[in-house]
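Remarks on the structure that follows.
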Amino acid sequence: MNKERIKSFVLVCLVMINFILAAKILTDKKLWPYGYNFFVSLEKSDILKVFTYSQDKKAAKTHIATPEQIIVNTGDQTSRIAINPDNEIFSEISLAADEILNIALNSDSKNIFFSTKSEWVSELNGRSLCLNYDIPYETTLFGKFFDADASALSEYLPSLSRIIISENGSVYFEDFNSGNFYKAQTSLNPKKLVSIIDKTKNMYSDNQTIINYSVDLKFDETFGSQKAALSPTVLVYSTPVNMPLVMAINPLLSPNNTLNFETIDKILSIFDINANTVRRYPEVNGTMVFVENDGILKIHPDGVIRYQSTDSRGFSISSGNSYAETLIGIAEFAHSLNAASSSDTDIYLSSEIFENSQKVTFDYRASGVGVEMDFDKYKNAITAEITSDGFLTSYTHVLRNYIPGSTLLQTPEYIKTLDEAIEKYSMDMNNIEIQKIYISYTDSGSFTPKSAKWKTKVKSIVIDENE
Amino acid sequence: MKKKLLAVLSIVLILSCTLPAISFAATYGATMPIDAKGNSDTIIYIKRPESLSASTSDLTYTISAVGAQNTAIKIYKYNPASGLCYLIKDTTYIGASGFFSTVVTLNDDNNIFMVYAENSTGEQITRIDISKIRKSTVNKLKSVTVTMKNFLG
């Protein structure tokens with residue numbers, strides 16, 4: 001009798017182990033065989049994408065339509081705070097802003113008004129949020145990222161660059177070309193916004209840096225023989241800013257400086273390349289070249305991925321139903337390549353975007369600020385050339401992971417940076433308008449620690465030929 | 001007599017040559033009298049506050065100005081107890097941008113700041129008055145509604 005019980009027990013264990021191992025094989029992608037695989041096909045099927053699409057869209061939207069900085073205006077200059085994407089409260093503020101933006105972008109013409117300078121300046125000095133974006137957006141396209149029809153608003157401002165959300169629910173959009181603001185009146189009760197402004201004010205009550213807008217200090221108006229002016233919404237910081245040193249890591253290399261083939265295999269699968277059947281060969285400089293019927297993929301040991309399609313169509317990255325979807329598809333694609341190389345560094349859209357732009361670029365953010373690429377011929381981290389129906393014809397991606405260190409360095413004095421910029425341009429220009437002063441890191445391709453510096457962007461370059 | 005006249009003339013000549021230099025070199029150190037005056041009013045232009053006085057409920061205020069490159073600027077604050085203005089911001093030089101800005105901390109009620117600017121053309125002393133009012137006062141003022149009676153009715 002005992003023998004029977006033992007036999008039954010062993011049989012039950014074996015059956016359970018069988019189920020456990022089968023489940024592991026079904027769910028662990030590393031154990032899936034190469035070549036045709038039912039589960040790989042299922043993963044990429046349109047049916048499953050219906051369930052994962054909304055999450056991917058959300059993740060991709062954060063790379064496309066997220067402000068580079070949100071200024072929380074509390075009514076006092078002493079408590080005004082600049083919130084970067086790496087701040088813990090950024091997501092909460094961003095979500096609250098998105099809710100109001102969705103309504104404002106859908107405004108009818110009868111709810112859109114021209115805003116005088118004194119009105120929007122008053123909002124900047126009151127309780128409001130000022131959303132600063134890296135690049136200008138075509139208004140209708142921007143609306144699509146919020147599932148909104150911004151066609152009425154686009155008749156007033158074809159492209160926007162800055163948004164002010166007032167505590168009373170009014171939303172002011174800045175026209176990128178003219179610098180004028182247009183107000184969209186919403187009837188939304190902005191309780192969430194009010195509480196977020198108060199919460200942020202309390203969270204950062206010990207902040208020492210005073211931030212003023214150029215228009216407050218009247219630095220947007222020249223006087224006498226003064227050559228330079230700042231755009232009205234340029235921020236002026238009273239003290240240097242403390243930023244960490246960041247280390248750049250090439251995620252294609254293992255700690256012992258050899259190529260990480262596991263990462264390369266993941267990258268191949270994202271390009272729908274079968275690692276077992278693809279034609280491959282190494283170049284003299286160590287670059288691995290993978291040749292498929294419709295394209296060539298090159299993976300350089302220095303972390304650069306380059307794809308070039310060899311047929312007229314290219315590589316499909318979206319259903320092609322709309323340009324907005326195509327952009328989201330690229331962001332998702334770039335994000336998945338970063339994830340494949342275990343890089344959690346944030347990316348943001350860095351090229352001006354208009355409907356049907358064929359070239360799109362993204363760059364990295366480290367410690368909440370942008371990283372400007374200046375590495376050989378690469379001026380952007382990611383460059384994609386696309387067709388209007390959602391196909392990628394060319395793609396370059398400099399894979400990097402930026403790790404902030406514990407050492408904090410002070411940036412130079414703000415006004416000194418301004419002085420240096422003016423000195424640089426004043427020899428050749430008579431009227432200088434500084435459009436933007438911002439902090440960023442520069443990646444020149446080396447792996448030494450990088451410090452953040454102030455950078456300036458000049459809006460208008462005017463040379464008076466009579467002088 | 002002639003010698004005495006010559007001596008007087010020499011003294012007058014020397015004084016007339018050196019007096020401008022002396023007045024130009026009259027910089028202020030750690031303190032400055034409240035009624036100090038410069039010899040120019042075109043060295044810098046105060047942008048904020050433009051009317052040289054302002055009211056705020058904030059704890060700090062940013063003074064801004066523009067001027068020629070290499071102009072030296074110091075900020076003094078009046079202390080009513082001693083009747084003197086004390087240096088609170090040491091010398092800063094205006095750079096190529098021409099911009100100057102500084103943040104000052106406010107006490108309750110009236111705050112008097114003296115902006116001292118100096119370059120090769122002279123010195124300028126500008127008084128700025130900033131009144132700090134309580135936030136509750138600001139809130140009360142914001143909630144006031146004024147009703148206009150129509151006397152022509």
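The values are calculated or read from the model by the stated rules, or taken from the named source; none is laboratory data. All of these numbers come straight from a predicted model, not from anything done at the bench. Cβ sites come from the backbone with ideal geometry, for glycine too, and all protein chains shown count toward neighbours. Ligands, DNA and RNA are excluded from the accessible area calculation, which covers all protein heavy atoms including side chains. Shrake-Rupley method; radii C 1.70, N 1.55, O 1.52, S 1.80 Å.
Suppose we filter A:SER342, A:SER312 for residues that are on the phi > 0 side of the Ramachandran plot and hydroxyl-bearing (Ser, Thr, Tyr); which single one remains?
Values: A:SER312 fails: on the phi > 0 side of the Ramachandran plot.
On inspection, the qualifying residue turns out to be A:SER342.
Test of understanding: among B:VAL146, B:VAL115, which residue is at pLDDT below 95 and either part of a strand (DSSP E or B) or of a type outside the set (D, E, K, R) (or both)?
Values: B:VAL115 fails: at pLDDT below 95.
Every option except B:VAL146 fails the conditions.
Quick grid of which residues meet (1) polar (S, T, N, Q); (2) open to solvent by less than 70 Å² (accessible area, probe 1.4 Å); (3) within 14 Å of chain B (Cβ to nearest Cβ):
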| site | (1), (2), (3) |
| --- | --- |
| A:ASN212 | yes, yes, yes |
| A:ASP220 | no, yes, yes |
| A:ASN256 | yes, no, no |
| A:ASP302 | no, yes, no |
| A:LEU327 | no, yes, no |
Check A:THR233 against each of (1) of a type in the set (Ser, Thr, Tyr); (2) more than 28 Å from A:SER446 (Cβ to Cβ); (3) in a helix (DSSP H, G or I) and name the one condition it does not meet.
(3)
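Consider A:TYR395 carefully, then state whether it is within 14 Å of chain B (Cβ to nearest Cβ) and not basic (Lys, Arg). Give the steps one after another, and end with the answer.
Values: within 14 Å of chain B (Cβ to nearest Cβ): no; not basic (Lys, Arg): yes.
No, not satisfied.
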Which of the residues that make up the stretch A:182-227 are modelled with pLDDT under 95 and in contact with a helix residue (DSSP H, G or I) (Cβ under 6 Å, 6 or more places away or on another chain)?
A:GLN185, A:THR186, A:LEU188, A:LYS192, A:LEU193, A:ILE196, A:LYS227
Selection count, the stretch B:87-106, where residues are outside any loop (DSSP other than H, G, I, E, B), open to solvent by 10 Å² or more (accessible area, probe 1.4 Å) and out of contact with any Ser or Thr (no Cβ under 6 Å at 6 or more places or on another chain)
8
Taking into account only those residues within the stretch A:423-448 that are β-branched (Val, Ile, Thr) and within 14 Å of another protein chain (Cβ to nearest Cβ), which is nearest to the chain's Cα centre (by Cα)?
A:ILE437
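Conditions tested, residue by residue: (1) hydrophobic (A, V, I, L, M, F, W, C); (2) over 19 Å from the mean Cα position of the chain (by Cα); (3) within 14 Å of chain B (Cβ to nearest Cβ); (4) open to solvent by 10 Å² or more (accessible area, probe 1.4 Å).
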site	(1), (2), (3), (4)
A:THR66	no, no, no, yes
A:ILE70	yes, no, no, no
A:ASN73	no, yes, yes, no
A:ASP76	no, yes, yes, yes
A:ILE83	yes, no, no, no
A:LEU101	yes, no, no, no
If A:ASP419 passes every condition in (1) part of a strand (DSSP E or B); (2) without any contact (Cβ under 8 Å) to a residue 40 or more places away in the chain; (3) closer than 16 Å to A:VAL234 by Cβ but one, which one does it miss?
(1)
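Working carefully through the options A:ASN274, A:ASN207, find the one that is within 14 Å of another protein chain (Cβ to nearest Cβ) and farther than 25 Å from B:ILE46 by Cβ. Can you show your working first?
Numbers: A:ASN274 fails: within 14 Å of another protein chain (Cβ to nearest Cβ).
Matching residue, one of A:ASN274, A:ASN207: A:ASN207.
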Inside the stretch A:407-422, can you point out the residues that are more than 8 Å from every other protein chain (Cβ to nearest Cβ) and open to solvent by 20 Å² or more (accessible area, probe 1.4 Å)?
A:THR407, A:LEU408, A:LEU409, A:GLN410, A:PRO412, A:GLU413
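Within the stretch A:374-386, how many residues are surrounded by fewer than 22 Cβ atoms within 10 Å (Cβ to Cβ) and part of a strand (DSSP E or B)?
Initial filter on the stretch A:374-386 (surrounded by fewer than 22 Cβ atoms within 10 Å (Cβ to Cβ)): A:374-380, A:383, A:385.
If we keep only those that are part of a strand (DSSP E or B) too, we end up with A:375, A:378, A:383, A:385.
Selection size over the stretch A:374-386: 4.
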Of B:SER131, B:SER101, the only residue that is under 26 Å from A:LEU230 (Cα atoms) and modelled with pLDDT of 95 or more is B:SER101
A:PRO251 vs (1) part of a loop (DSSP other than H, G, I, E, B); (2) surrounded by fewer than 15 Cβ atoms within 10 Å (Cβ to Cβ); (3) touching a strand residue (DSSP E or B) at 6+ places or on another chain (Cβ under 6 Å): all pass except (2)
B:THR71: in contact with an Asp or Glu (Cβ under 8 Å, 6 or more places away or on another chain), among the hydroxyl-bearing types (Ser, Thr, Tyr) and more than 10 Å from every other protein chain (Cβ to nearest Cβ), yes or no?
yes
Output the residue which, of all residues in the stretch B:40-59 that are facing chain A (nearest Cβ under 10 Å) and surrounded by fewer than 16 Cβ atoms within 10 Å (Cβ to Cβ), is farthest from B:SER120 (Cα to Cα).
B:LEU59
For the subset of the stretch A:222-237 comprising residues that are at the interface with chain B (Cβ under 8 Å from one of its Cβ atoms) and closer than 16 Å to B:ILE63 by Cβ, which member is least open to solvent (accessible area, probe 1.4 Å)?
A:VAL236
Does A:THR345 satisfy the condition of being hydroxyl-bearing (Ser, Thr, Tyr), touching a residue at least 12 places away in the same chain (Cβ under 8 Å) and touching a Phe, Trp or Tyr at 6+ places or on another chain (Cβ under 6 Å)?
yes
Return the residues of the stretch B:77-130 that are more than 27 Å from A:ILE434 (Cα to Cα) and β-branched (Val, Ile, Thr); say none if nothing qualifies.
B:ILE88, B:THR105, B:ILE112, B:THR121, B:ILE125, B:THR126, B:ILE128, B:ILE130
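Of the residues A:ILE112, A:ILE197, A:ILE163, which is within 17 Å of A:ALA65 (Cα to Cα) and not small (Gly, Ala, Ser)? Give the steps one after another, and end with the answer.
Working: A:ILE112 fails: within 17 Å of A:ALA65 (Cα to Cα); A:ILE197 fails: within 17 Å of A:ALA65 (Cα to Cα).
Only one candidate qualifies: A:ILE163.
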